[in-house]
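What follows is calculated from the coordinates using simple rules that are stated; it is not laboratory data. Remember, predicted model here, so these are calculated numbers, not experimental data. Positions of Cβ are backbone-derived with ideal geometry, glycine not excepted, and every protein chain shown enters the neighbour counts.
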Amino acid sequence: MGKEIDKEKRIVAQMINLYARYHRHEPGIEQEMENLRVYCMARLEHCRWGEGKPACQHCQVHCYAPEKRERIRQVMRWAGPRMLWHHPGAVLWHLFHHREPKEILP
């Protein structure tokens, strides 16, 4: 895959790992987060837009199953603000690359 997709994969994995680390007291969370991470990596790997993909929130095609989409949304909502302390470079990259929705391809 290309550089942009690899960067997105890395950021998603960082968010999931951060969430799992702070919620490790919940039963079964480690396995659930590992399953979610594998699912997200597969979805990013097979994104129909490739390197020109918009941020998932701006995409017209939702390739995540509804329950997985809601779970990753919860993880990102929790981990997003905390990423500034743990991975500030990833936050800056994400802000600069996802401020404006990219043009949706046909």
For the range 21-29, in residue order, the Karplus 3J(HN,Hα) values (coefficients 6.51, -1.76, 1.60; θ = phi - 60°; whole Hz; Gly and Pro = x) are 5, 7, 10, 5, 6, 6, x, x, 5
Report ³J(HN,Hα) in whole Hz for each residue of the range 56-64, in order, from the Karplus equation J = 6.51 cos²θ - 1.76 cosθ + 1.60 where θ = phi - 60°; Gly and Pro get x.
4, 5, 9, 6, 7, 10, 9, 8, 8
Work out from phi, with θ = phi - 60° and the Karplus expression 6.51 cos²θ - 1.76 cosθ + 1.60, the ³J(HN,Hα) of each residue of the range 43-51, listed in order in whole Hz, and give x for Gly and Pro.
5, 5, 4, 10, 4, 5, 8, x, 5
Taking placed amide H atoms and a strict 5 Å upper bound, the residues 5 or more places from Trp49 or on another chain that come that close are none
Pairwise label distance in nanometres, His46 with Leu84, each label 7 Å out on the Cα-Cβ vector
3.7
How much length is gained if the chain between Asp6 and Arg69 is pulled fully straight, taking 0.36 nm per residue apart and subtracting their Cα-Cα distance, in nm to one decimal?
20.7 nm
